[in-house]
Each structure stands twice: as structure tokens, then as C-alpha cells.
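Reading through the C-alpha cells given below for one structure.
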Amino acid sequence: MVLLLCFQLEKEVIAEGVASVVNVDKGVARDRALSDALRNAIEQAVGSYISSQTIIENYQLLQDNIFSKAQGYIKEYMIISEKEENGLYRIKIRAKVKEGELKDDLSAIKLLILEKGRPRVLILSNEDFLEDELTNRFRDNGFPVLDPQTLKKKMKKEALRLELSGANDTALSRMALREGAEMLVVAQYREELKNIKSAYSSMDVKNITLTSRVIDPHSAEIIASHRIEKQFPNINPQLRSNLIDSLFRILKAQILENWQSPTSNVVRIHLYNAPFETYNNLRNFLMDNIRRVQKVIIKEYVGDYGMIEIITPENAQNIASILSSNFKKLSLKEIQGNDIHFEWKKN
């Protein structure tokens with residue numbers, strides 16, 4: 001007997017999303033709840049991202065292949081209801097989920113960006129025209145882009161100095177986080193004269209090198225990258241624009257593929273002055289109350305300091321809000337990327 005689980009090319013589902021409103025702007029909580037609902041709709045439609053083929057013969061389990069890369073995206077959705085109760089904002093939606101990759105479905109791309117929490121993009125380049133053209137392309141595809149014009153005076157020189165002096169992606173990521181960016185695009189353009197020789201002649205051409213990488217500043221991980229090198233007898237603005245367009249389309253495809261793949265990250269909770277029993281209480285609470293948690297580990301406990309790691313696709317802001325609303329003695333100090341810092345109030 002062979003059992004194969006799959007889903008149709010398009011499926012309509014009803015899903016709910018929740019987010020804490022404690023110590024959070026109501027509009028932000030609503031956005032997070034909607035993002036959660038969109039994620040849940042996709043999970044529901046594709047069977048929690050799992051396609052399982054199990055072959056059973058003579059009551060013996062011979063093979064169980066789990067594929068966690070089943071892909072789907074929101075084609076359209078409608079909010080059925082929304083309300084605030086018991087410190088939570090709840091949104092219920094009816095969504096049409098389509099199987100496969102986004103490609104050039106612009107409306108669906110914008111919904112995926114919304115599902116990801118509309119991450120703000122910071123674009124750094126050694127050339128103004130490259131920065132401007134990439135900014136326009138990202139904006140036209142629904143990405144919220146931090147205005148490079150307002151950032152140039154206060155950070156561009158520093159960013160370029162670090163980049164050109166060989167700074168690593170961690171240093172650039174810290175800079176991006178300081179500016180409120182959640183996705184960093186680093187692009188460089190180089191144009192040089194090159195002599196090409198053959199058996200009978202030689203000619204001078206313009207050698208164009210265009211490189212870019214997209215970085216998640218929270219982890220300094222590269223989520224997309226591409227390099228284009230072309231040679232032309234002459235170069236003009238239209239040729240450069242065509243090269244930038246090719247670069248952007250490849251970067252966009254890589255970003256969307258990365259986002260469609262179900263991923264988990266590590267969120268770290270740093271605790272100060274908390275008694276040891278608090279760690280066990282937090283671990284049990286996190287396992288029971290945070291959606292899609294895979295594992296909770298007490299990694300460290302030394303004196304007045306300890307650290308808990310959570311493996312989950314949930315973001316640190318949501319986890320911090322939920323913990324703050326349920327543990328009154330936890331005082332939130334700061335959130336840095338995936339690191340949450342709490343102090344335990346003794347009285």
C-alpha cells in the first residue's frame with residue numbers, strides 16, 4: 001500500500017493569526033497577527049510543509065521520506081474577523097493558496113512580503129546610479145526601502161569605507177540594524193578598459209563587473225548573491241540599466257525561494273538575576289504556548305546569568321511580547337536581532 005500526501009494546485013483555507021498587544025502598538029500587533037495568519041494558511045494548505053510518502057509492505061515500514069520543501073504562496077486573502085481580547089490581537093482570514101513558486105506574480109509577491117512582516121531594505125552601493133536603480137526595482141516589487149538619500153550623509157561614507165577596506169558582513173549587518181534595516185543589499189559596480197587580442201588583431205573593450213549580495217543583518221547570513229561580468233565596445237546608460245535589471249531579477253528569485261522554504265532560526269533569551277526554577281517554567285511555557293517551536297534548551301546557568309535557546313520560525317519580538325505579558329517579573333531590557341534580554345524583578 002502506498003500513501004501519498006499532496007495538495008491541489010490551488011486551495012482555499014481559513015486560518016487564524018494571533019499576536020500580543022502587551023507593550024506593543026496596536027497597529028504593529030495587528031500586522032503581526034495578519035502575518036501569522038498568512039503563514040498559518042500556507043502551512044495548512046501544504047500540510048505543514050510536509051509531503052510524506054510511506055510505503056508499507058507486510059506490515060513492515062520500508063521507507064518514510066519526509067520532504068519539508070513543499071512550496072506554496074498566498075494568491076489572495078480576505079479578513080473574516082478581527083478582535084482584541086485577553087492581551088492578544090486575533091485575525092481570521094480566508095485565503096487562496098497556490099502551489100509552486102511565485103515567479104512574476106506581483107500581487108502574490110507583495111502578500112509574501114507582508115507575511116514576512118514587510119522587512120525594510122537598506123541598499124548600499126559604491127555608485128549612486130546603481131543604488132538608485134536597485135532602490136526603484138525593489139520598491140516597484142513591493143519591498144519597503146529605506147530612503148538612501150536621507151541615509152547618505154550620515155552613513156554612506158562609513159559603509160563604503162568599511163566595505164572597500166574588506167569589512168566582513170557582520171560589521172555591515174550591525175550598521176544596517178542600527179538604521180532599522182531588516183534586509184541589507186550590498187552592490188558594487190566596476191568598469192575598466194580591457195584589451196582583447198586575437199591572432200590577427202586586438203581591440204579595447206569596456207569590462208563591466210556587477211556584483212551584489214543580500215544579507216540578513218540579524219544573522220549576517222547571505223540569502224542571495226549574483227555576479228555579472230560582460231564586455232562591450234561601448235557602454236551607455238541603457239546597457240547598464242539592462243544589466244542591473246538582470247541582476248535584480250536573479251536576486252529577487254533567490255530571495256523569494258529562500259522565503260518560501262520553511263526555515264527555523266535560533267532565538268536566544270538572556271536572563272539576569274532569575275532563580276533556576278524560572279528556567280524550567282519558561283521552557284515548559286515556551287513549548288506549550290509558542291507556535292511551531294521545535295526545541296527549547298537551557299544552554300547556560302552561571303551565577304546571576306543564564307540563557308535559553310529556542311529553535312522556531314517565530315520572531316524574537318513576538319516571543320518577547322508574549323513572555324512579558326505572561327511573566328510579570330520579567331523586565332524586558334532590549335532586543336538585538338534574535339537575542340532577547342530580560343531581567344528578573346525580585347520584588
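Derivation of every value follows stated rules applied to the coordinates shown; laboratory data play no part. As the structure is a computational prediction, the values presented were derived from the model and not from experiment. So basically every Cβ, Gly included, is an ideal-geometry build from the backbone, and we count neighbours across all protein chains shown.
Some values worked out for this structure:
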item	result
Two-site label geometry, residue 211 and residue 78: point separation in nm, points 7 Å out along Cα→Cβ	5.1
Residue pairs, from the table 116/206; 75/252; 26/116; 26/75; 116/346; 299/329, whose Cα atoms sit over 29 Å apart	116/206; 116/346
22 Å Cα-Cα threshold exceeded, pairs from 83/333; 92/333; 11/110	83/333; 92/333
Tensor-based shape of segment 265-344 (alpha-carbon gyration tensor, a/c under 1.5 rounded, otherwise prolate or oblate)	rounded
Cleavage-rule hits (chymotrypsin sites (Phe, Trp or Tyr not before Pro)) in segment 171-266: DSSP loop, at most 10 neighbouring Cβ within 10 angstrom	200
Footprinting exposure proxy for 321, 198, 173, 225 (fewest neighbouring C-beta atoms within 10 Å first)	198, 225, 173, 321
